[in-house]
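A.B. asks: Would you mind keeping the following structure in view while I ask a few things?
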Amino acid sequence: MITMSNLINELKDDHIKLALKINEVKDIGISSDDGRKLLISIKNELLNHLKKEDEQLYPRLKEIGLKDPDVQKTLDTYAQDMKVITEFAMDFFEKYSHTSNSIDFFKDIGRLLGALRERMKKEEGALYTIYDNNPS
């Protein structure tokens, strides 16, 4: 039986916390100071999560990819996908840090939440599994 590493558990916990906070800001909106503060908090937590993956997850996955072309192909695909999601997320946070246009906000946060949930599911199903199945 394979047990999840501490890193993978931590990253999955980050996913849960981010999704909950995104749902919370979706519910309260960004027209209040609390909503805008929460939005900034989500941005910072997402950036910290991405940094953790960049520093702790991806170096090990890249090592594995050097030995396994299938893993490398998966990593290349996910890297391209993540670039698009990250650009959308950063544009979203930049836009809504300065405006409270609620009509666009609800549409855009729905898109962001959907994109992040899909990405999280893919990471947990593929990348995290590769990491846990290949201990260093």
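A.B. asks: ³J(HN,Hα) across the range 18-29 via Karplus (A = 6.51, B = -1.76, C = 1.60, θ = phi - 60°), whole Hz, x for Gly/Pro?
C.D. replies: Taking θ as phi minus 60°, the curve returns 5, 4, 5, 5, 5, 4, 5, 5, 4, 6, 8, x Hz for the range 18-29.
A.B. asks: Based on DSSP H runs of at least 4 residues, each adding -39500 (n - 2.57), what is the mean residue ellipticity at 222 nm of the chain after dividing by all its residues, to the nearest 500 deg cm²/dmol?
C.D. replies: -27000 deg cm²/dmol
A.B. asks: Just rank 22, 85, fewest to most, by other beta-carbon atoms within 10 angstrom.
C.D. replies: Going from least to most buried by this count: 85, 22.
A.B. asks: Considering lysine pairs in the range 18-62 that are 8 or more places apart or on different chains, how many have Cα atoms under 16 Å apart?
C.D. replies: Taking the Cα cut-off of 16 Å, the pair count is 8.
A.B. asks: Taking Cα atoms of the chain, Rg/Rh with Kirkwood Rh, to two decimals?
C.D. replies: 1.02
A.B. asks: Could you go through the range 84-91 in sequence order and give the Karplus-derived ³J(HN,Hα) for each residue, using 6.51 cos²θ - 1.76 cosθ + 1.60 with θ = phi - 60°, rounded to whole Hz, and x for Gly and Pro?
C.D. replies: After applying 6.51 cos²θ - 1.76 cosθ + 1.60, I find 5, 5, 4, 4, 4, 4, 5, 4 Hz.
Here, each number is a calculation from the coordinates, and none is a lab measurement. All values reported here derive from a predicted model rather than from experimental measurement. Quick reminder, even Gly has a Cβ in these numbers, built from the backbone with ideal geometry, and neighbours come from all protein chains shown.
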